[in-house]
1. Using the basic label-point model (7 angstrom from Cα toward the beta carbon), what is the A:E93 to B:E117 distance in nanometres?
2. Express in Å², to the nearest 10, the accessible area of B:E40 obtained by rolling a 1.4 Å probe over the protein heavy atoms while all chains stay in place.
3. Could you give the size of the charge dipole of the protein assembly as shown about its Cα centre, using +1 on the Cβ of each K and R and -1 on the Cβ of each D and E, expressed in debye and rounded to the nearest 20?
4. Between A:Y13, A:S78, A:N48, whose Cα lies farthest towards the positive end of the dipole of segment A:12-80 when Lys and Arg beta carbons carry +1 and Asp and Glu beta carbons carry -1, centred on the Cα centre?
5. What are the distances, in nm and sorted shortest first, from the label point of A:K30 to the label points of the same position in each other copy, with each label point placed 7 Å from Cα along the Cα-to-Cβ direction?
6. For segment B:1-63, calculate the relative contact order in percent as a whole number, restricting contacts to Cα pairs under 8 Å that are 6 or more residues apart.
7. Distances from A:K71 to the same position in the other copies: list them in nm, one decimal, shortest first, using label points 7 Å from Cα along Cα→Cβ.
8. Provide the FRET efficiency to the nearest 0.05 for the A:E33-A:R9 pair, computing r from the beta carbons and using R0 = 45 Å.
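The values are calculated or read from the model by the stated rules, or taken from the named source; none is laboratory data. Keep in mind that what you see is a predicted model, and the values were worked out from it rather than measured. FYI the Cβ positions are ideal-geometry reconstructions off the backbone, even for glycines, and counts take in every protein chain you see. Surface areas here come from the heavy atoms of the whole protein model, side chains and all, with no ligands, DNA or RNA. Shrake-Rupley method; radii C 1.70, N 1.55, O 1.52, S 1.80 Å.
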There are 2 protein chains.
Amino acid sequence: MFELDVRSRKPIYEQLVEKLKQLIINDVLKEDEKLPSVRELAQQLTINPNTIQKAYRELESQGYIYSLKGKGSFVHPSGKVDNEEELKKVREELKKLFAEAIYLGMTSEEIAALLQEVEGGQQDD
Amino acid sequence: MFELDVRSRKPIYEQLVEKLKQLIINDVLKEDEKLPSVRELAQQLTINPNTIQKAYRELESQGYIYSLKGKGSFVHPSGKVDNEEELKKVREELKKLFAEAIYLGMTSEEIAALLQEVEGGQQDD
DNA sequence: TAACTGTATTATTACTTCTAGTACAGTAGT
DNA sequence: ACTACTGTACTAGAAGTAATAATACAGTTA
């Protein structure tokens, strides 16, 4: 499914959250699609089930997946995500990153071009 | 100068790097301005000098400040920062964040508006 | 009932952060 | 030369976090 860098300074469960988020955002994992079970994914990646669960819990609290006891964990339908808290964080991060990009010499045109690139890729894939 | 959240999950030195970066980017700390010495800032914030040094070392490696033995640490002039590695990271982060923002329901117009806002604030303050 | 699912708890190990103390080297003013 | 600043480096230990391991409980499905 994907790889993790165990030697990284970043915690494994954070890497997992990021990777899964990317897969969901880029529609590799479709709406309501079932994710691998905690134990199954743990076996595939040869890491502890508790670590997987921690990542799933985080993803659920951020609104990216939902979990049903006895059934499994599923991708939260994109349109129905209503996470104002998460949106606020993203806006703040965007502002910081814009300031940083400009400081490092990027023009707003370059940045806008990146945005268009990503926007196009969303429908396409 | 600023405050740190010791109870945060984030390492103190990382918080320090972020805060100082913001001050530099937003021109609160001007070009070639002298930063507080390692020991001085440590005393002000009541944290260990080694922690400050770690933050300064990180900021220097990212091109935001430069340090002169016996003299002090200073803000790197913005125009002369040429950190292609850092720029690459920022581009990647921007792409991820754009995808995430769109997924959470932001339109590219909203995102572009944020960019304009930040761009205007750079000259203004 | 059996075999799956998520979830929770406790204990232990491993790793990172942070602190503490010390030391060395360069700069500036006296 | 002396003093008092600067940055930098190193070792050792304490404290906190991440990751593992083992177990248990609850809900679903066939």
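1. The modelled label-to-label distance comes out at 1.7 nm.
2. Its accessible surface works out to 90 Å², give or take rounding.
3. In total the dipole reaches around 1520 debye.
4. A:N48
5. Result for A:K30, in nm, nearest copy first: 6.0.
6. 36 percent
7. For A:K71, the other copies' label points sit at 6.6 nm, shortest first.
8. About 0.90, to the nearest 0.05.
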